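Some notes on the structure that comes next.
The values are calculated or read from the model by the stated rules, or taken from the named source; none is laboratory data. Keep in mind the model is a prediction, meaning the values are calculated, not measured. As a convention, Cβ positions derive from the backbone with ideal geometry for all residues, glycine included, and neighbour counts pool all protein chains shown. Accessible surface areas use protein heavy atoms only, side chains included; no ligands, DNA or RNA. Shrake-Rupley method; radii C 1.70, N 1.55, O 1.52, S 1.80 Å.
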Amino acid sequence: RVLITGITGLIGGIILADLRRDHEVTGIARRHMDGVRHFQADIYDYEAILPAFEGQDAVVHLAANGSVATPWESALKNNIMGTRNVYQACVDSGVRRVVFASSNHATGNYENDHPYSAIIAGRYDGLDPDAIPLVTTSMPIRPDGAYGIGKAFGEAAGRYYSDLFGLSVLCMRIGT
């Protein structure tokens, strides 16, 4: 049994199409959708989302304000408090695994440094592809805005909930 937060979004729809073949899928969404059991709620409303977690084996957490230009107020409410609520609801409901949809924006400020800035600008002359270091998970986070900070928070919160409560958390930086 898998719960998908943000099930009506682009990635939620793609994941739903694949997962429903072999899994019982439930969703959380702000808007109504046909064809799948779901709870219509905002993830920042803990009491409204908590019932959706009962009996679930895993959660794929996609719900967030997905705009790179997300203003602070929205990032705090939807991306930070909402993510905290998802992790806490997992612990309170006995869910054992979370897949957190992070983003390349958790490390987006590396794009301001050479050689990444040159690549983004389309200036490839003089760049040796074999000498370009990959941005890896061992490098410090460098968020590029409120959205990226929210995703970095989600990664850090995932570590916290793993360490303190034994929650299995996988963070995927989509776009990286």
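A few points about this structure:
- Calculated over segment 5-67: convex hull of Cα atoms, volume per residue (Å³): 80
- Probe 1.4 Å, accessible area per residue of segment 1-117, Å²: 48
- Rg ratio (alpha-carbon, reference 2.2 N^0.38 Å) - segment 56-176: 1.20
- Summary: within the chain, the longest segment free of GluC sites (Glu not before Pro) located in DSSP loops with at most 14 other C-beta atoms within 10 Å is 55-176.
- Listed peptides 28-41, 120-133 by packing density, highest first (mean Cβ within 10 Å): 28-41, 120-133
- Counting only protein heavy atoms and a probe of 1.4 Å, the accessible surface of segment 18-176 is 53% carbon and sulfur.
- Mean-position separation - Cα centroids, segment 31-109 and segment 149-176, in angstrom: 12
- Kirkwood estimate for segment 125-176, i.e. one over the average of 1/r between Cα atoms, Å: 13.2
- When the alpha carbon gyration tensor of segment 46-115 is reduced to an equivalent ellipsoid, the three semi-axes, largest first, read 28, 15, 8 Å.
- Kirkwood radius and radius of gyration were both taken over the C-alpha atoms of segment 1-108, and their ratio Rg/Rh is 0.94.
- Highest-fluctuation residue, Y161, Y147, Y87 considered, GNM on the chain with Cα pairs under 10 Å: Y161
- Most mobile listed residue (S117, S93, S74) in the chain, GNM with C-alpha springs under 10 Å: S117
- Taken about its Cα centre, the chain carries a charge dipole of about 280 debye when Lys and Arg each add +1 at the Cβ and Asp and Glu each add -1 at the Cβ.
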